[in-house]
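Bear in mind that the values in this text are calculations on the coordinates, not laboratory data. A quick note: this is a predicted structure, and the numbers were derived from the prediction, not measured. Here the Cβ positions follow ideal geometry from the backbone for every residue, glycine too, while neighbour counts run over all protein chains shown.
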Amino acid sequence: MTQPAHKRRICSYDMAEVSPEGYVLAEEQGEMYFCDARCLCLWAVHFVTNPRRSEEQKRIACELTMPSGERRKFTDFIEAAQWSAANALQGDSNPWRENGIKVD
Ligand SMILES: [Zn+2]
């Protein structure tokens, strides 16, 4: 059996090629890839503040895989965007870091 060619992962924010250490955001329609915390945050905030997106589109559950391999489940994109902002801004006191549930 030959292995399928390595699928290139393109960042949903800036269209750069994402290394295996990037972030992966999965929902039922598929997966999105992000270079780093900044690309993830900017894409997510842009998405949930976009007036052309319906409320339903913002309310889709998703699961994020981090560069460390740790996974986190969010009830919707808004929750994920808040977590992403806190993650990119750093600072452990941001309550949005507690958004979502860690997946074992
Ligand atoms: Zn990027």
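Of note:
- For the chain, the 222 nm mean residue ellipticity estimated from helices alone, with every DSSP H stretch of n ≥ 4 adding -39500 (n - 2.57) and the total spread over all residues, rounds to -8000 deg cm²/dmol.
- Charge dipole (debye, nearest 20) of the chain; +1 at Cβ of Lys and Arg, -1 at Cβ of Asp and Glu: 180 debye
- A simple rule links phi to the HN-Hα coupling: the Karplus curve 6.51 cos²θ - 1.76 cosθ + 1.60 with θ = phi - 60°, which for segment 40-46 gives 4, 4, 5, 5, 5, 5, 4 Hz, with x for Gly and Pro.
- Contour excess over end-to-end distance, with Cα ends at residue 101 and residue 16 and 0.36 nm allotted per residue: 27.7 nm
- Alpha carbon convex hull of the chain, projected area averaged over orientations, nm²: 7.8 nm²
- Here the relative contact order of the chain, from alpha carbon pairs under 8 Å that lie six or more residues apart, stands at 22 percent.
- Farthest towards the positive end of the charge dipole of the chain, among the residues 91, 81, 42, is the Cα of 42, using unit charges on the Cβ of Lys, Arg, Asp and Glu.
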